[in-house]
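The structure appears right after this line, and notes come after that.
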Amino acid sequence: MSEPASVARLTRDLTSALLPADLEAFYQDLHRHPELSFHEHRTAARLAERLKSAGYTVTEGVGRTGVVGVLANGDGPVVGLRGDMDALPVREATGLAYASTVDGVMHACGHDLHVTWLTAAAEILAAARETWSGTVVVIGQPAEESGGGAQTMVADGLHERFPRPDALFGQHAAPGLAGFYPHTPGLTMSAEVELDVVVHGVGGHGSRPESTVDPVVTAAHIVTRLQSVVAREVAAKDSAVLTVGQFHAGTRHNIIPAEARLALNLRTQDDSVRARVLAAVERIVRGECQAAGCPVPPEITVHPGFPNTVNDKALDEEIAAVHRELLGHDTVFDFGPTMGSEDFSLLAPAGVPYDYWYVTTTAADVWEAAPGDSLTEKFANVPGNHSPHFAPDLSVLVPGARTLVSAALSRLT
Ligand code: ZN
Ligand code: ZN
């Protein structure tokens, strides 16, 4: 660990020659060719090819489409840098010259930026290897959006086949006037659980409901009653979000279907809150089905999802100090934990500290034009992650490489 000022100075020296045009071309190519979770073949190949020519030992196909690049450069700490690579099933509506060429698929979460930042940072560290000692492990992770990417890499031997990091770093593109680097020590993102519910009724003719048990009405009661869980069972000091994202039932106007299916998404920041909400969901689903007289109990499937992302406090404070020196003291602030979720933390072996921060990406003119007077109002009115209008400003390409390089150098030098 070095003085923030000297890390910032070294980073500025090493990155002053970064060519925005090269990063733009690389980024725009990734943006034009988005790939869904576990299908990031082209993206992974682009990353692997640049890492190889920079001198990394590269292994492809780690956890299906993942990429690991290792640069061993003498004794010293091992630093892991992670970028996720997948795009989303969103039809792009930005109208950009370099918009997606794949119908219905879009880099709407900025993972193309993440790959660009990761590639640039890896190249700079390789070119400057006489200035530091240790090992850099670059992780191109598949399938963050669908979940499963980090787990699949770990199951494929990420922690055994490659050097185990002493510190792991990641960053995410976020809405907000470009040029800010929010850091949160401790809890920064929430845990996520997904649930599938099947309500079994008795189907029949729409004109004779008395001969059926209508699963649409039962599921509707469940949806309504679930809204009271966070409102009435979670303490005001705690946080939780319970969303019913899917409600499927029926085929025709005049048929009462035999079943209804619900898909639920739960975000929490505390294990006991999660347990309480899960118990409430189960109680309500079973209770409503019993009240309706369903002939068979409902099926409730709980999918594990993502854990909390908890930055190591000391490491986050160290890297935030470096970023302040490098990018300006007012550009780094703590906006507290969000209800977003990530599988990034699963890539850190148990006990290994990690740090995950944001890079804001909204173009200045878009920010200015957004309705609202306060930061919060504007923030709510600019296109965010997963929006078909999400269009990060190209001015963030170089700074996002600098944040990663400086984090790595803070530990390597
Ligand atoms: Zn996303
Ligand atoms: Zn994302």
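The values are calculated or read from the model by the stated rules, or taken from the named source; none is laboratory data. Note that the structure is predicted; figures quoted are calculated from it, not measured. For neighbour counting, all protein chains shown are included, and Cβ atoms are generated from backbone atoms with ideal geometry for every residue, glycine included. To get the accessible areas, we keep the full protein, side chains included, count just its heavy atoms, and leave off ligands, DNA and RNA. Shrake-Rupley method; radii C 1.70, N 1.55, O 1.52, S 1.80 Å.
Tell me the relative contact order for the chain as a rounded percent, counting alpha carbon contacts under 8 Å between residues six or more apart. Taking the mean separation of contacting Cα pairs over the length of the chain, I get 25 percent.
How much length is gained on full extension from Asp103 to Ala155, taking 0.36 nm per residue of separation minus their Cα-Cα distance?
Values: separation 52, 0.36 × 52 = 18.72 nm, distance 3.23 nm.
Value of the extension gain: 15.5 nm.
Positive contributions from Lys and Arg (+1) and negative ones from Asp and Glu (-1), summed over other residues with Cβ under 9 Å from the Cβ of Asn265, come out at -1.
How big is Rg to Rh over the stretch 43-99, alpha-carbon atoms, Rh as the Kirkwood inverse-mean-distance radius? Working shown, then result.
Values: Rg = 15.3 Å, Rh = 13.8 Å.
When Rh is taken as the Kirkwood radius, the ratio is 1.11.
Taking 7 Å steps out from each Cα toward its Cβ at Ser211 and His248 produces label points 2.8 nm apart.
Given the Cα-Cα distance of Asp29 and Asp196 and 0.36 nm per residue of separation, how much length would full extension add, in nm? Walk me through the numbers on the way to the answer.
Working: separation 167, 0.36 × 167 = 60.12 nm, distance 3.73 nm.
In short, 56.4 nm is gained.
The calculated FRET efficiency for Ala93 paired with Ala21, based on their beta-carbon distance and R0 = 35 Å, is about 0.85. Peptides 141-147, 289-295, 221-227, ordered by how many other C-beta atoms sit within 10 Å of their residues on average, highest first, read 141-147, 221-227, 289-295.
With the simple model of a label 7 Å out from the Cα in the direction of the Cβ, Asp334 to Ile255 spans 5.7 nm.
Summing +1 for each Lys or Arg and -1 for each Asp or Glu among the other residues whose beta-carbon sits under 14 angstrom from that of Pro185 gives -4.
Highest mean packing comes first when the peptides 100-108, 268-276 are listed by Cβ atoms within 10 Å, giving 100-108, 268-276.
When cysteine pairs in the chain are screened for C-beta atoms closer than 4.7 angstrom, the residues that find no partner are Cys109. Think of the stretch 191-304 as a dipole: +1 on every Lys or Arg Cβ, -1 on every Asp or Glu Cβ, centred on the Cα centre; then among Leu262, Leu195, Thr212, Thr212 lies furthest on the positive end.
Over the chain, average the accessible area per residue using a 1.4 Å probe and give it in Å², no decimals. Numbers along the way, then the final one.
Details: 17170 Å² over 413 residues.
Computed with neighbouring chains in place, this is 42 Å² per residue.
Each part gets one Cα centre, and for the stretch 32-86 versus the stretch 350-371 those centres are 23 Å apart. Note on the stretch 132-203 and the stretch 265-286: Cα centroid distance 22 Å, given to the nearest whole angstrom. FRET efficiency for Ser374 and Arg286, Cβ-Cβ distance as r, R0 = 51 Å, nearest 0.05? Taking R0 as 51 Å, the efficiency between Ser374 and Arg286 is 0.70.
Compactness check for the chain: Cα Rg over 2.2 N^0.38 Å is 1.09. Peptides 172-181, 8-17 ranked from most to least packed, by the mean per-residue count of other Cβ atoms within 10 Å: 172-181, 8-17. Rg/Rh for the stretch 261-359 to two decimals, with Rh computed the Kirkwood way over all alpha-carbon pairs. On the Cα set of the stretch 261-359, Rg over Rh gives 1.17.
Would you work out the Kirkwood radius for the stretch 191-304? I mean one over the mean of 1/r across all pairs of different Cα atoms, in Å.
On the way: mean 1/r = 0.0686 Å⁻¹.
The Cα-based Kirkwood calculation yields 14.6 Å.
Amide H contacts under 5 Å for Gly206: Ile255, Ile256, restricted to partners 5 or more places along the chain or on a different chain, H placed in the peptide plane at 1.01 Å from N. Could you calculate the FRET efficiency of Ala350 with Lys313 from 1/(1 + (r/R0)^6), where r is the beta carbon distance between them and R0 is 22 Å, rounded to 0.05? Efficiency, rounded to the nearest 0.05: 0.80.
Output needed for the stretch 159-240: three equivalent-ellipsoid semi-axes, defined as square roots of 5 times the C-alpha gyration tensor eigenvalues, in descending order, whole Å. Don't skip to the answer; put the middle values down first.
Values: eigenvalues 419, 80, 43 Å².
Listed largest to smallest, the semi-axes of the stretch 159-240 are 46, 20, 15 Å.
Rounded to the nearest whole Hz, the Karplus-based 3J(HN,Hα) values (6.51 cos²θ - 1.76 cosθ + 1.60, θ = phi - 60°) of the stretch 283-296 follow the sequence 4, 5, 5, 5, x, 5, 5, 5, 4, 7, x, 4, x, 10, with x at glycine and proline.
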